[in-house]
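Okay, structure first, notes after.
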Number of protein chains: 2
Amino acid sequence: MSTSEPRRALNFDNINPHVKAAQYAVRGELAVRSEEYRAKLAKGEGKELPFDKIIAANIGNPQQLDQKPITFFRQVASLLENPLLLEHEDVLVNSLGYKSDVIARAQKLLKEVKSVGAYSQSQGAPAIRESVAAFIERRDGYPASPADVYLSNGASSGVNTLLHVICAKPETGVLVPIPQYPLYTATLAVLNARCVPYYLEESRAWGTDLKGIRDSYDQAIAAGTDVKAIAVINPGNPTGASLAAADIKAVLQFAAEKKLVVLADEVYQTNVFIGEFISFKKALRDLQKEAPGTYDDIELASLHSVSKGMVGECGHRGGYFELIGFDPQVVAEIYKFISIQLCPPVLGQCIVEVMVNPPKEGEPSYELYRKEYDGIFNGLKERAYALFDAFKQMEGVECQTPAGSMYLFPTITLPPKAIAQAEKEGRKPDEFYCFRMLDATGICVVAGSGFGQKEGTLHFRTTFLAPGTEWTGRIVQFHREFMEEFGE
Amino acid sequence: MSTSEPRRALNFDNINPHVKAAQYAVRGELAVRSEEYRAKLAKGEGKELPFDKIIAANIGNPQQLDQKPITFFRQVASLLENPLLLEHEDVLVNSLGYKSDVIARAQKLLKEVKSVGAYSQSQGAPAIRESVAAFIERRDGYPASPADVYLSNGASSGVNTLLHVICAKPETGVLVPIPQYPLYTATLAVLNARCVPYYLEESRAWGTDLKGIRDSYDQAIAAGTDVKAIAVINPGNPTGASLAAADIKAVLQFAAEKKLVVLADEVYQTNVFIGEFISFKKALRDLQKEAPGTYDDIELASLHSVSKGMVGECGHRGGYFELIGFDPQVVAEIYKFISIQLCPPVLGQCIVEVMVNPPKEGEPSYELYRKEYDGIFNGLKERAYALFDAFKQMEGVECQTPAGSMYLFPTITLPPKAIAQAEKEGRKPDEFYCFRMLDATGICVVAGSGFGQKEGTLHFRTTFLAPGTEWTGRIVQFHREFMEEFGE
C-alpha cells in the first residue's frame, strides 16, 4: 500500500512527541468552549443559551472576575510607565490624589531600572531583589540574600527553569503531589522526564502523607527512576489545603534522607484562612537550628508570584524564586538558562517590588492599602465559605473545609447512568459533568482528571473568585437537575 | 579509588547536559564583568579604572542607553495601569497634555483586556491580534488573519515555542545563519537538536548564499540529519544586513523544494537604512501569485517584537508570530504548549497594539509621534555611520556599510602576538580583544565567536545605540594602543 507524501514539513506524526504528550486541562477543551460562548454572547448572539454570561471559574484570574487592583500598586505603575508625569507633582497630588509615598516609590524604582522599557539583568533588577530578600527575612525571621533571588515571568517560568536544569535524562523523576496544578506534569512531559506521583490525603484536609511519599519513591526507584526532586504546593492547588508544620518538616526530612531538591510552590502564601502559612525556608532554617549539621545540604527552591494573594496581578507576569543550598556551578547554569530569554518583564518585576514592600503603617498610602487588602481577603474567605456551604446541599458532593489558596476541590459521586453516558460520549465522567455544567450554567470549572485523582474518585476544581452568590445557586440547581436526569 | 558521595542532589555532572551545552555570549562573562564595573562605579568606587562609565554596547537595549520612549505609547500605558485616571479626563487633557486619542486608545484596550492585571487568552487578546493582522495587511498588501497571530513574550519566546514543536528527536536539524543571534543555537542545544550552520557572505553585505545553504543542507542530510526548518534573520543580527528581494525569494524556493519550515526573524524590520524591508510573508504571497499551486504548502512563521525598531520597549517583553500554512493539528499543539505558561505579559501585548497601530496622520498625537519616531530613526542612522567611519580609521578593521538592525559586525585582524597572548590566557583571540576593550574603555561589545564566524576570521558585534561620539573615539584610541602593544 502506498502512502501519499505529506505536503508539509510538520504534521502531527513528526513533531516533538514530548510536546504532544503534555496535558494542560486548565486551558483545555472546556476553557476553549467557554471562550466560544463568551465571544458569541459578546456579539449579542447566543439567545438559545440558558445563560447570559460566562463565569471563568477554571482559572485563578482575579481581575477578570472584577477584583480591583490595589491602588498603590497601580498608581506607582502609572508613573513608571509615564515618568513625565513626575514633572507635574502638584497635579498628581492635588488633582489626582497621588500620595507622596507613591511618587517616592516610583522615583526609587525608576532610579533602579532606568526605564521599564529597558532590559534588566537576567536575574532581575538588583534593588528589586534586595526588596524581595528583605521581605523573606521579615516573613521568616532568617537572613536572605538578593544574590539568591531570581525574578521570573510569573512563578510558571521559574518552575520551567528549575525542571529544565534538574531533568537530565528520561529516567530522571520528580515527586509531584496528586492532585496537582498541571504545570508540573506538563513540563515533565515536555522534558521527557518522569512524574513520580504521590497522593495527598483528602480525608486529612489534603495533607501530605509521608508513608505515601515514601512508597511512591520506593516504587520509582525499583522501576529504575532517578528521583531528584519533590514538588510541594502549599497552600494547595487544586486542593485549597494549608499544610501543617509537621507535614512540612516531614517532607524536608525525607528530602534530606533521599537527597532530593525541594520545589516549594508557595504562590498562595497569603491566601490562608485556617492556621498560618509556614514557608519551607523557615521550616528548613528551624530544622537546621534544631539539629546543626544534619540538614545543611538540602537544596530548596521556593517560588512566589504577583498573580495570586490579594495582589492578583497575573497579567503582569511577575514572580521570583529563591535558591537555598544549590551548588554554585548549578546556579551558574540556571543563570545562563534564564539569560537566553533575556529578562522577566520589568514592570512585572516592579509589581513584585510593591507586593513585597507595600506601604507601611504611618505612611500616606497605608490606610487605603490596608482597607483594600483586607477587603479582598475577607471577600475571598466569605465566598469560599458560601461555596462550601452550597456544596453541602449537593447530593453526592463532599468538600474539605476551605483552608487556603483560591480553589475548592470537591469530590463528586456520579450515578452509573451518568458514567455510562460519559463513556458513550468518549469522555471521562468528571469531564462529562463539567461540560454539562458549562452548557447549562455558563460556569467553567476544571475536571479533577486534569489535576490527577485517586483511581475511582471524581472531582472538579472551581475558584471562588467570582463575585456574588447567584452563580453558586446556579451550580446547586444544575447539580440537582443533573442528578434527576441521571439518577435511578 | 573511592570517590566521596556528593553532598547535594544536583551538581555540575548530573544536571541536564543539554542546558550545559547551550552557549549565550550576549549575556556571558564579558557582560557579567561589565556589570561588576558598573556596580563598582555606582558605589563611588573604582577610582583605579581608566573610565568613569560603562557603555553596554553588547545588547540592543535602547532605553538603557537613553533612547526616550514614544510618548503616545507610554501615555496610553499609564492609563492602562491606572484606569482611575480616566475619571479625570479634564486634568489629563488640560494639565497633563494627554490628547483625546490617547484616552480613546486606553479605553479601547481596557474594554478588550478588562485589566492589564488579568490573564488574557494564551494566544493573546483577540482585539490586539486583530490590530496585528491589520498591520500585516497594510505592510504587505495581502490578507492576514487574527487567528494566525500569536502574541509572545518578546520574539525570543516565540522562537522557543516554534523550536520546541519542530525538534522531535536528536537528529532533527535546523538551518541557522552564521553569524547568528545565539538564541537559535542555544535553544537547539537545550532541545538536543542539531544546528545546521550556513554561512552568510560577508563580502556581499552579509547576504544569504543559496549555494552555501544547499551545501550545508546536503552535508547535513548525508550525516543523517532530518533537516526540518531554516531560520533567517532579516535585517540581520549580528550582521546589520538587509536582505535583497532575490535572496528572500531564493530561500523560499529552497524551503519549498526541500519542504522546510521558514522561521523569519524580522524584529528589526523598521531598522533599515538601505533599500526597503521586504517581509517573508509578502515575498511568499508574491511567489504564490507568480506560480499558482507551486508554493502553497510552505510553512512560514514570521516573528516581530516591541523590543527593537523605534519602539525599543524590550523591558516590556512584547512580541508576536504569525503562522502561515501550518497543519491545524500542529497549530493545536503550539497553542497547548504556550497555554502551559498561561499568557504573555498583558501590558506587553498592549505595547504591541500601539506599535502596530500608532497615531495616524490627522490624529491629535500624530505630529509628536512622527517627530519622535523620525528623530530616533535618524539618530540611529547617524550613529551607525559615525561608528562605521570610525572603524575605517582602525588598522586591520573592515566593516560592511550599515544597512539595518542595530549592530555593526566588523572583521578584525589581530597581530600574531595578540593571538599568542590570548592563547596564553586561555581565551579565543576575539574574546581577548573584547576583554581588553572593556578593561580599557568601559565599553562592552560581544566577540564574534559568540555568534559564529568563518574559521580563521575574527569579529565583534557592537550596537550603535549609545548617544554621543565620545565613546566611538575611545574605541579608536583603544584599538591604536592595542595594535601598538601587540604589533610587530
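Select from the stretch B:166-182 the residues that are surrounded by fewer than 23 Cβ atoms within 10 Å (Cβ to Cβ) and either at pLDDT below 95 or under 23 Å from B:Tyr150 (Cα atoms) (or both) and list them in ascending order. Listed by number, the list holds a single entry, B:Ala168.
So that you can scan it fast, the table gives a plain yes or no per residue for (1) farther than 30 Å from B:Gly442 by Cα; (2) under 29 Å from the mean Cα position of the chain (by Cα):
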residue	(1), (2)
B:Arg38	no, yes
B:Val91	yes, no
B:Ser95	yes, no
B:Val116	yes, yes
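With respect to the conditions (1) open to solvent by 10 Å² or more (accessible area, probe 1.4 Å); (2) farther than 20 Å from A:His316 by Cα; (3) within 11 Å of chain B (Cβ to nearest Cβ), A:Gln123 lacks only one, and its number is (2). Residue count for the stretch A:39-77, restricted to those that are loosely packed, with under 15 Cβ neighbours inside 10 Å and assigned to a helix (DSSP H, G or I): 2.
Exactly one residue out of A:Gln329, A:Gln400 is open to solvent by 10 Å² or more (accessible area, probe 1.4 Å), within 14 Å of another protein chain (Cβ to nearest Cβ) and of a type in the set (S, T, N, Q): that is A:Gln329.
Kindly indicate the residue of the stretch A:251-262 that is of a type in the set (A, V, I, L, M), more than 14 Å from A:Lys282 (Cα to Cα) and out of contact with any Lys or Arg (no Cβ under 9 Å at 6 or more places or on another chain) and also nearest to the other protein chains (Cβ to nearest Cβ) among those meeting that condition.
Checked the stretch A:251-262; the qualifying residue nearest to the other protein chains (Cβ to nearest Cβ) is A:Ala255.
This table checks each residue for (1) part of a helix (DSSP H, G or I); (2) buried (at least 24 other Cβ atoms within 10 Å of the Cβ); (3) in contact with a helix residue (DSSP H, G or I) (Cβ under 9 Å, 6 or more places away or on another chain).
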site: A:Gly212; (1), (2), (3): yes, no, no
site: A:Tyr217; (1), (2), (3): yes, no, yes
site: A:Ser242; (1), (2), (3): no, yes, no
site: A:Glu257; (1), (2), (3): yes, no, no
site: A:Ala264; (1), (2), (3): no, yes, yes
site: A:Lys281; (1), (2), (3): yes, no, yes
site: A:Ser307; (1), (2), (3): no, yes, yes
site: A:Met310; (1), (2), (3): no, no, yes
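If you take the residues in the stretch A:284-297 that are open to solvent by 10 Å² or more (accessible area, probe 1.4 Å) and not acidic (Asp, Glu), which one is nearest to A:Phe254 (Cα to Cα)?
A:Tyr295
When B:Pro50, B:Pro69 are checked against the criterion of being within 12 Å of another protein chain (Cβ to nearest Cβ), touching a residue at least 40 places away in the same chain (Cβ under 8 Å), of a type outside the set (A, V, I, L, M) and closer than 30 Å to B:Gly450 by Cβ, a single residue qualifies: B:Pro69. Taken over the stretch A:427-481, the criterion of being surrounded by fewer than 18 Cβ atoms within 10 Å (Cβ to Cβ) and hydroxyl-bearing (Ser, Thr, Tyr) is satisfied by A:Thr457, A:Thr469. Mind checking whether some residue in the stretch A:78-91 is part of a helix (DSSP H, G or I), at the interface with chain B (Cβ under 7 Å from one of its Cβ atoms) and in contact with a strand residue (DSSP E or B) (Cβ under 6 Å, 6 or more places away or on another chain)? No; the residues of the stretch A:78-91 include none that is part of a helix (DSSP H, G or I), at the interface with chain B (Cβ under 7 Å from one of its Cβ atoms) and in contact with a strand residue (DSSP E or B) (Cβ under 6 Å, 6 or more places away or on another chain). For the stretch B:337-351, a residue qualifies if it is at the interface with another protein chain (Cβ under 7 Å from one of its Cβ atoms) and either modelled with pLDDT under 95 or in a loop (DSSP other than H, G, I, E, B) (or both), and the qualifying residues are B:Ser339, B:Ile340, B:Gln341, B:Leu342, B:Pro345.
Quick check on the stretch B:1-21: of everything there that is open to solvent by 30 Å² or more (accessible area, probe 1.4 Å) and at the interface with another protein chain (Cβ under 7 Å from one of its Cβ atoms), which residue is modelled with the lowest pLDDT?
Looking only at the stretch B:1-21, we keep the residues that are open to solvent by 30 Å² or more (accessible area, probe 1.4 Å), and these are B:1-8, B:11-14, B:17-18, B:20-21.
After this cut, where a residue has to be at the interface with another protein chain (Cβ under 7 Å from one of its Cβ atoms) as well, the list is B:7-8, B:11-12, B:14, B:17, B:20.
Values: B:Arg7: 86, B:Arg8: 94, B:Asn11: 96, B:Phe12: 96, B:Asn14: 96, B:Pro17: 97, B:Lys20: 96.
Within the stretch B:1-21, the match that is modelled with the lowest pLDDT is B:Arg7.
Going by the conditions given, is A:Ala241 under 19 Å from the mean Cα position of the chain (by Cα) and either of a type in the set (D, E, K, R) or farther than 16 Å from A:Leu303 by Cα (or both)? So A:Ala241 passes the test.
There is no residue in the stretch A:358-379 that is in contact with a strand residue (DSSP E or B) (Cβ under 8 Å, 6 or more places away or on another chain), aliphatic (A, V, I, L, M) and either in contact (Cβ under 8 Å) with a residue 24 or more places away in the chain or not assigned by the TED database to the domain that holds A:Ile55 (or both).
Yes or no, residue by residue, for (1) over 30 Å from B:Asn58 (Cβ atoms); (2) surrounded by fewer than 24 Cβ atoms within 10 Å (Cβ to Cβ); (3) hydroxyl-bearing (Ser, Thr, Tyr):
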site	(1), (2), (3)
B:Lys99	yes, yes, no
B:Ser115	yes, no, yes
B:Gly158	no, no, no
B:Ala189	no, yes, no
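Open to solvent by 40 Å² or more (accessible area, probe 1.4 Å), more than 21 Å from A:Lys258 (Cβ to Cβ) and in the same structural domain as A:Gly325 (by the TED database): is that true of A:Ala205 in this structure? So A:Ala205 passes the test. Within the stretch B:157-177, residues that are among the β-branched types (Val, Ile, Thr) reach no partner that is open to solvent by 10 Å² or more (accessible area, probe 1.4 Å) and modelled with pLDDT under 95 with beta carbons closer than 8 Å at six or more positions or on different chains. Just one of the listed residues (A:Asn378, A:Asn357) is surrounded by fewer than 21 Cβ atoms within 10 Å (Cβ to Cβ), on the phi < 0 side of the Ramachandran plot and either aliphatic (A, V, I, L, M) or in contact with a Lys or Arg (Cβ under 9 Å, 6 or more places away or on another chain) (or both), and it is A:Asn357.
Considering every residue within the stretch A:299-307, establish whether at least one is more than 10 Å from chain B (Cβ to nearest Cβ) and either among the acidic types (Asp, Glu) or in contact with a Pro (Cβ under 8 Å, 6 or more places away or on another chain) (or both). Scanning the stretch A:299-307 turns up no residue that is more than 10 Å from chain B (Cβ to nearest Cβ) and either among the acidic types (Asp, Glu) or in contact with a Pro (Cβ under 8 Å, 6 or more places away or on another chain) (or both). State yes or no: is A:Ala147 more than 9 Å from every other protein chain (Cβ to nearest Cβ), out of contact with any Ser or Thr (no Cβ under 8 Å at 6 or more places or on another chain) and either on the phi > 0 side of the Ramachandran plot or open to solvent by less than 30 Å² (accessible area, probe 1.4 Å) (or both)? No; evaluated as a whole, the condition is false for this residue.
Yes or no: B:Lys249 open to solvent by 10 Å² or more (accessible area, probe 1.4 Å) and not in a strand (DSSP E or B)? Yes.
Considering (1) touching a Leu at 6+ places or on another chain (Cβ under 7 Å); (2) in a helix (DSSP H, G or I), the lone condition that B:Glu367 does not fulfil carries the number (1).
Applying the condition of being more than 10 Å from chain B (Cβ to nearest Cβ) and surrounded by fewer than 20 Cβ atoms within 10 Å (Cβ to Cβ) to the stretch A:22-33 and asking which residue is nearest to the chain's Cα centre (by Cα) yields A:Glu29. Return yes when A:Tyr98 is within 14 Å of chain B (Cβ to nearest Cβ), under 30 Å from B:Glu89 (Cα atoms) and among the aromatic types (Phe, Trp, Tyr) and no when it is not. Yes.
The values are calculated or read from the model by the stated rules, or taken from the named source; none is laboratory data. Everything numeric here is computed off the predicted structure, so don't read it as measured data. Quick reminder, even Gly has a Cβ in these numbers, built from the backbone with ideal geometry, and neighbours come from all protein chains shown. All accessible areas refer to the heavy atoms of the entire protein, side chains included, with ligands and DNA or RNA removed. Shrake-Rupley method; radii C 1.70, N 1.55, O 1.52, S 1.80 Å.
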